[in-house]
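Take a look at the structure set out below.
What follows is calculated from the coordinates using simple rules that are stated; it is not laboratory data. Not measured: the values here are computed from a predicted model. Note: ideal-geometry Cβ built from the backbone for every residue, glycine included; neighbour counts use all protein chains shown.
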Amino acid sequence: MSKVQIINGNETAAMGAKLCRVQVIAAYPITPQSKIPETLVKYVESGELAAEFIRVESEHSALTVCISASTVGARVFTATAANGLAYMHEQLHWAAGARLPIVMALANRGLGAPWTIFNDMQDSISQRDTGWMQVYCRDNQEIMDSIIMAYKICEQLHVPMMVCFDGFVLSHTVMPVEIPDQKQVDAFLPSYVPHLQVDGPEPININPVMLADPRANAQGVSCPSYMGFRMRLQETLESAGDVILNVGREFGEVFGRSYECLLWKYRTEGADTILLTMGSLANEASLAVDALREKGWKAGVVALRVFRPFPAATLRQALSKAKHVVIFDKNISYGNEGATCTETKAALFEGGLRPTITNYIVGLGGKNVAAADLEAATIKSVEQKGQVSTPQWIGVAV
Amino acid sequence: MVGDLTEEKVINVTWHGRGGQGAVTAAMILAEAAYLDGYQGVTAAPFFGVERRGAPITATTRFSRKPIRTLSPTAQADVVVVLDERLLQTVDVLGGLKPDGLLILNSSSGPEKFCTDMDIAVATSDANSIAKEVGLVVAGTVLINTSLLGAFSKASCLVQMESLEKAIGENFSKQAAKVNIQGARLTYEATRINRDWQLS
Amino acid sequence: MASKKDQFISACATLAKGEAGNTGEWRAKRPIIDLSKCTPCKKQKDTCYLCWLYCPDGTVKRGIPIEIDLQYCKGCGVCAQVCPTKAIRMEVEEQFVLSECVIQEEVE
């Protein structure tokens, strides 16, 4: 039987991993994620979870352990944030290139310097080109559900995934979370079968140097070149949207909460003004939209639940009636603009859509973003017909 | 239970205490109790940051008949609970309380002592003495956080004692729960309020 | 779309002779085995075979005596390094006839 518990995002992530019966965990504590490894260690020590918790001296090693364990067929889990994720950078590419279905919980936190322990999305956005899938959670329930779905999606596609949620804002806030029944999770999630058997009857050497052109192996079979493997990763991510939708629908059939969507939408019917964002900020944006609707505005929220693969076609569809798109980014590509802004513009280009677009950089290093801020920014950008030079910063009083 | 079940009003509670006093735990137990009481939306969070023993800290609890959509810090709370009355001198406690809000204090003095020229209601309870009396002392520290939940229930009428006791029970071992519940009950009884208070 | 049917989800190489091409052409030095020192030969039983284990190109065939496939032996000399009885020495390639593919025995 499922039951509701009032728990924070970190406890939710740990519990989600436990329900997925992960077999190897390697994680290094970092604020605001520390409670995840702490909770998992307790599960392992008490015997509640039959897993190896491997203590490591750094995040780079944590992911390396996960890569090794996943290669030989273990279901693995890790969690990190901010500089810890940055330290994993090299191995992030490796995990995706080796096509390992590693699931990572990421409590989004800003990067130093200067030091911050607080929330923004610069950490995960900086890793968007590593080949990992990325989903962003709106609340703790989504953390639980996304982790369970992540294993099913990743093990089908042989691609790793980051389940991202706002540090402190969700990691440290308790709220009701329905904890799925273990038997239902077991039935939903088949056991992991690796795509290679390294030490089988015919041992293999994995990920050797690849040349620029295909080569014939000892059996005379033509094997892909480096680019051939990289193209396969891209093709898989291009097709991942359908897998994510299917798994989301199946999840709904079993657990009653469907995730057959790549975007989260709120009051978008007839909306000509769209507030576009990601993660927990979508909740605050929904309050802003309620206030704008009160004032007679036709406003709605679109939040990217899945950021990689980027749901360009779905987003284009969702924005097809919009005259104004106001994009709130908790990250910035310095010298340009927020990442979701750039990606949204690119998605709209293909459909020839030309709404006004204003990009606001918000919430860096834990700066609070209230519904009133989002509302005022929307009004300002629409009144100025998108002629506001972008990106604009909210909440910086020098 | 108070209030219309369909109402979306969010009730904001801010807790002021010192690191180690258990304000965060109290905030979270209150959220659990509110959920058991039928509030669909509940959240609780520490003030995000680094916690240090003895330093002033705050925590928040929110509850509503509908799921809660804001995760921003509370600007002005409906109810403020203060675990250490000395904090009134160092922290702008009243600045974070609505003009017609409810202030609940752990104090051996009566509410009159704290009545201001503002329109707020004030409730006090000597949780310190009660916690000592029931044996809520660990390593010389008197633990008053759960006891004050009794004062919250009595003064605000927003969450029933029955739900609070159940929530306390779920957070402690059997023996510890018994003592904590006893502390909350006695504090409930001992709570005095300067006037009847109702959520605006 | 890549699926489990795609045998090339990620890169790998089998531990097989010739996996890296006709590597015998690279050889500058040739392994010469002194069978009077080679452990399996001396003991007349399947043992040791460290050269087989360490050969990066899988060119050593276990047996009594062992055989090295010179079409793929690139002359790296790992076998000579790991041989516990120093039964293998590396000699300059030019002195041998290249058409000879399999060397079975050469007693000093």
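With no solvent and one point per C-alpha, what does the Debye sum give as log10 I(q)/I(0) for region C:13-52 at q = 0.17, 0.23 Å⁻¹? After summing over all Cα pairs, the log10 values are -0.69, -0.87. Within the same chain, lysines fewer than 8 places from C:Lys43 are excluded, and of the rest, those with a Cα less than 26 Å from its Cα are C:Lys61, C:Lys86.
For region A:76-205, the dipole from Cβ point charges (+1 on Lys and Arg, -1 on Asp and Glu) about the Cα centre works out to 140 debye, to the nearest 20.
When the P(r) of the protein assembly as shown is calculated, the portion above 44 Å amounts to 37% of the C-alpha pairs. As a test, work out the antiparallel percent of DSSP beta bridges whose residues both lie in chain B, rounded to the nearest 5. Close to 55 percent. Since only A:Pro190, A:Thr340, A:Pro355 are under comparison, the one whose Cα sits farthest along the positive direction of the charge dipole of chain A, derived from C-beta charges on Lys, Arg, Asp and Glu, is A:Pro355. The mean count of C-beta atoms from other chains within 10 Å of the C-beta of residues in A:172-182, rounded to a whole number, is 5.
In the distance distribution for region B:1-95, Cα-Cα pairs more than 18 Å apart total 44 percent. Rounded to the nearest 20 debye, the dipole size of region C:23-103 about its Cα centre is 440 debye, using +1 on the Cβ of Lys and Arg and -1 on the Cβ of Asp and Glu.
The mean sequence distance of close C-alpha pairs (under 8 Å, at least 6 residues apart), as a share of the length of chain A, puts its relative contact order at 15 percent. The calculated Kirkwood hydrodynamic radius for region A:283-331 is 12.2 Å, given to one decimal from all distinct C-alpha pairs.
Report note on the peptides C:82-93, A:257-268: ranked by the mean count of other C-beta atoms within 10 Å, highest first, their order is A:257-268, C:82-93. Shown here are the Rg and Dmax of the Cα trace of region A:3-188, at 14.7, 47 Å.
From most to least packed by mean Cβ count within 10 Å, the peptides B:74-87, C:7-20 give B:74-87, C:7-20. Beta bridges assigned by DSSP with both partners in chain A are antiparallel in approximately 25 percent of cases.
Across q = 0.09, 0.10, 0.18 Å⁻¹, chain B modelled as identical point scatterers on its alpha-carbon atoms has Debye log10 I(q)/I(0) values of -0.28, -0.35, -1.28, in the order of the q list.
Net charge near A:Val289: determine it from the other residues with C-beta under 13 Å of the C-beta of A:Val289, scoring Lys and Arg +1 and Asp and Glu -1.
0
Its convex hull of Cα atoms gives region A:275-384 a direction-averaged projected area, equal to a quarter of the hull surface, of 6.8 nm².
Could you tell me the distance between the Cα centroids of region A:294-309 and region A:219-268, to the nearest Å? Their Cα centres are 23 Å away from one another. Partner shielding of B:36-49 amounts to 4, given as the average count of beta-carbon atoms from other chains within 10 Å of each residue beta-carbon.
Per the Debye calculation on region C:23-103 with a single equal scatterer at every Cα and no solvent contribution, log₁₀ I(q)/I(0) for q = 0.12, 0.13, 0.17 Å⁻¹ amounts to -0.29, -0.34, -0.59. The convex hull drawn around the Cα atoms of chain A, when projected onto a plane and averaged over every direction, covers 21.1 nm².
For region A:3-188, the relative contact order is 30 percent, taking Cα pairs closer than 8 Å that sit 6 or more residues apart in sequence and dividing their mean separation by the residue count.
In terms of other Cβ atoms within 10 Å, A:His158, A:His60 run from fewest to most in the order A:His60, A:His158.
Three semi-axes describe the equivalent ellipsoid of region A:143-280; taken as square roots of 5 times the Cα gyration tensor eigenvalues and ordered largest first, they are 37, 21, 15 Å. Ranked for footprinting exposure by Cβ neighbours inside 10 Å, fewest first, A:Asp373, B:Asp126 give A:Asp373, B:Asp126.
Express as a percent, rounded to the nearest 5, the fraction of DSSP beta bridges in the protein assembly as shown (both residues included) that run antiparallel.
45 percent
Spatially, region B:145-190 and region A:342-383 are offset by 46 Å when compared through their Cα centroids.
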